[in-house]
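The next block holds one structure in the form of C-alpha cells; read it before the comments.
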C-alpha cells in the first residue's frame, strides 16, 4: 500500500470516527499529494510523497514558531497538533550522533576543507540520509566540522 493510499484510508477512518481535526489535516495532505500526481501525470513514488509530507511538516513547524513569537498560543497549538498527525507518516529521523557520523564520512569523501565547501557536502548528506535527516541539524553539523 502506497503512502497516498495509507493517508487516504486513514482520512476515511478519521471521518468515520468523527475526528474533524485529523480529517482536515489529512485532507490537506491528500490534496497536495493528488495535485502533484496530476502535475506529473503518473503515480507518485513513496519517496516523492514523503518529500511532500516533509514539506507540509516544515510548514507547520515554521507557522508554529511564528505564532509562538507573536503570542498566539491557540494557533500554535493547532499547528503542533497537525504536526503530530503528519509526523506519523514520516520515517524515524536520524539521531544527531548518526547524522554526525554521516557528515564526517561525506566530508572525507568530498575532500571538503572549509566553509566554502558546504555546497558540495550538504546535497550529498541529504542524498545519503534518504530523507531521514533534519536539514537544519545537518547544516549546523557541517558548519561545525568545516570551520
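Values quoted throughout were computed directly from the atomic coordinates according to the rules given, and no laboratory measurement underlies them. Because the structure is a prediction, the values reported are computed rather than measured. Note: ideal-geometry Cβ built from the backbone for every residue, glycine included; neighbour counts use all protein chains shown.
Quick check: pseudo-label points 7 Å beyond the Cα along Cα→Cβ at residue 28 and residue 144, how many nm apart are they?
3.2 nm
Please report the spacing between the Cα centers of the stretch 1-72 and the stretch 80-147 in Å, no decimals.
23 Å
At a temperature of 20 °C and a viscosity of 1.002 mPa s, determine how fast the stretch 91-147 diffuses translationally according to Stokes-Einstein, using the Kirkwood radius over alpha-carbon pairs as Rh; express D in µm²/s, rounded to the nearest whole number.
Numbers: Rh = 10.9 Å.
It comes out at roughly 196 µm²/s.
Once every Cα of the chain carries one equal point scatterer and solvent is ignored, give the base-10 log of I(q)/I(0) from the Debye formula at q = 0.10, 0.11, 0.12 Å⁻¹, two decimals.
Treating every Cα as an identical point scatterer, log10 I(q)/I(0) equals -0.45, -0.54, -0.63.
What number, rounded to the nearest 500 deg cm²/dmol, is the helix-based mean residue ellipticity at 222 nm of the chain, given -39500 (n - 2.57) per DSSP H run of at least four residues and division by all its residues? Working shown, then result.
Details: 7 runs with 114 residues, N = 147.
Roughly -26000 deg cm²/dmol at 222 nm, from the helical runs in the chain.
Can you tell me which of 52-64, 83-95 comes out highest on packing, and rank the rest after it, using the mean Cβ neighbours within 10 Å?
Those peptides, ordered most packed to least, come out 52-64, 83-95.
Cα gyration tensor of the stretch 3-87, axes a ≥ b ≥ c as square roots of the eigenvalues: rounded (a/c below 1.5), prolate (a/b > b/c) or oblate?
Here the stretch 3-87 falls in the oblate category.
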